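The values are calculated or read from the model by the stated rules, or taken from the named source; none is laboratory data. Small disclaimer: the values here were computed from a predicted structure and weren't measured. Ideal geometry is used to build each Cβ from the backbone, glycine not excepted, and the neighbour counts take in all protein chains shown. Note: accessible area is taken over every heavy atom of the protein model, side chains too, but ligands, DNA and RNA are not part of it. Shrake-Rupley method; radii C 1.70, N 1.55, O 1.52, S 1.80 Å.
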2 protein chains.
Amino acid sequence: MAALATSRTSRWEPTARWAIRHREVVDAAATAFAEKGFDGASTRDIAERLGIRAASLYYYLPSKEAALAAVCELGVRDFIANLRGILDRSEPAAEKLRSAVANHLAPLRTHPAADYIRVFLRHRHQLPDGPRQAVAKLAAEYQGLMEQIFVEGVASGEFRADLDPKLATLALLGLCNSVIGARSLPRGASIDDFIDEYSKIAIHGVISGDAARKSRRKKKSAEED
Amino acid sequence: MAALATSRTSRWEPTARWAIRHREVVDAAATAFAEKGFDGASTRDIAERLGIRAASLYYYLPSKEAALAAVCELGVRDFIANLRGILDRSEPAAEKLRSAVANHLAPLRTHPAADYIRVFLRHRHQLPDGPRQAVAKLAAEYQGLMEQIFVEGVASGEFRADLDPKLATLALLGLCNSVIGARSLPRGASIDDFIDEYSKIAIHGVISGDAARKSRRKKKSAEED
């Protein structure tokens, strides 16, 4: 409910009914922005999805910009909450990494969760001052949590000692976001295929076990020369 | 010169002087679009960079759309030519993969090469019909060459037998394009740092040698149970 607190300045608590309806309105905005773009979608598009008049929207969101802010904020808050849960587990870092990839990509399976993350990636730069900085702060928080997985893995010796956690974080986000940004998945591939293959590449790379052993032996004998 | 042939329908060969000037005009367009966006940049912005009148541009490029088509086409053609050269080498697949990452990211070091690739990534969807399909075909050709590296690596046993070359290609492009799409590099990191770390992650993953050995032993004994 933290998101509601920031999007309403009133000192009254929202009713349960209002909160449910508010989320429906934000869901509809996420889908409208994902389908038509922020510039292309009108408040009428959002209202039509809900079967209400555009004027009734203002009870939940005062403007199209406020709707974009709510979509970006709610989207990233869900990601952060889940990633915190993953970090708190007592598991090897590689397991946490795999769960983080799954957390990042799983929303693509369901509607409107996929719309939230697409709108976040494509349109957060169009937010007005204030919300833009607030959302950037949340994005940085998410990135920081991801980085923590790499820091922990290097500290425990599970990940390479020469790994740069900052660059590894950017690599993982780039990897995952490219799936989300794609207009369509390649034929025959499911989100689960992506989660499997992308987390394997991030953890083990593309090299086979045999080739990895050979390359290590070569490196070792070169160091001994 | 293939790019010139497609952008001019005249049956006369361009003079060497025209060809040099044409490339300067396309360079200026790439920089203008990268800095102000395709919608934000005017033909006047392009002309001003060259110190000529906007009307003189039309001798080289008939419209802003033609300028965008030339930028996207020349940009991706350079990438393809270099990647073909890498594929023709008789090197291990992992070496080729590293060179492909370097080929993809090295243009970021120089101006205006970085502008070409940024404009390609951000604005190719705004191309009019015809050029848009031509550029999509070139992009598919580039993606196909990248995929060939993974196919070769799996066939030679150097890469994992269970690797999906299609998904691995998308992963690698996502990884590299995230650096190009970023508004700025993290403080202290250079393009070479990205090339090093990203090709290491793609080839070997983030796992340490010790952890990889342990995980293989565990997998093997589970299979024997």
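In this structure, is residue B:67 open to solvent by less than 40 Å² (accessible area, probe 1.4 Å) and either within 24 Å of residue B:18 (Cβ to Cβ) or in contact with a Cys (Cβ under 9 Å, 6 or more places away or on another chain) (or both)? Judged against the criteria, residue B:67 is a match. Condition test on residue B:39, is it in a helix (DSSP H, G or I), of a type in the set (D, E, K, R), at pLDDT 90 or above and buried (at least 17 other Cβ atoms within 10 Å of the Cβ)? Considered against the rule, which asks whether it is in a helix (DSSP H, G or I), of a type in the set (D, E, K, R), at pLDDT 90 or above and buried (at least 17 other Cβ atoms within 10 Å of the Cβ), residue B:39 comes out as no.
What number of residues in the range A:40-66 are among the acidic types (Asp, Glu) and within 22 Å of the chain's Cα centre (by Cα)?
In the first step, residues of the range A:40-66 are kept if they are among the acidic types (Asp, Glu); the result is A:45, A:48, A:65.
Now restrict to residues that are within 22 Å of the chain's Cα centre (by Cα): A:65.
Number satisfying all stated conditions: 1.
Within this structure, residue A:130 fails the test of being out of contact with any His (no Cβ under 6 Å at 6 or more places or on another chain) and surrounded by 21 or more Cβ atoms within 10 Å (Cβ to Cβ).
Based on what the data block shows, is residue A:155 in contact (Cβ under 8 Å) with a residue 60 or more places away in the chain, aliphatic (A, V, I, L, M) and surrounded by fewer than 22 Cβ atoms within 10 Å (Cβ to Cβ)? Judged against the criteria, residue A:155 is not a match. Taking first residues from the range A:191-209 that are on the phi < 0 side of the Ramachandran plot and partners that are open to solvent by 20 Å² or more (accessible area, probe 1.4 Å) and of a type in the set (Asp, Glu), the Cβ contacts under 6 Å between residues at least 6 apart in sequence or on separate chains come to A:197/B:164. Restricting attention to the range A:180-221, which residues are more than 7 Å from chain B (Cβ to nearest Cβ) and surrounded by 15 or more Cβ atoms within 10 Å (Cβ to Cβ)? Scanning the range A:180-221 gives A:180, A:181, A:185, A:191, A:195, A:196, A:199, A:200, A:213, A:215.
Do we find that residue A:89 is open to solvent by 70 Å² or more (accessible area, probe 1.4 Å), at pLDDT 90 or above and touching a helix residue (DSSP H, G or I) at 6+ places or on another chain (Cβ under 6 Å) in this structure? When the stated conditions are applied, residue A:89 does not pass them.
Residues that are in contact (Cβ under 8 Å) with a residue 24 or more places away in the chain and in contact with a Gly (Cβ under 7 Å, 6 or more places away or on another chain) are absent from the range B:58-75 altogether.
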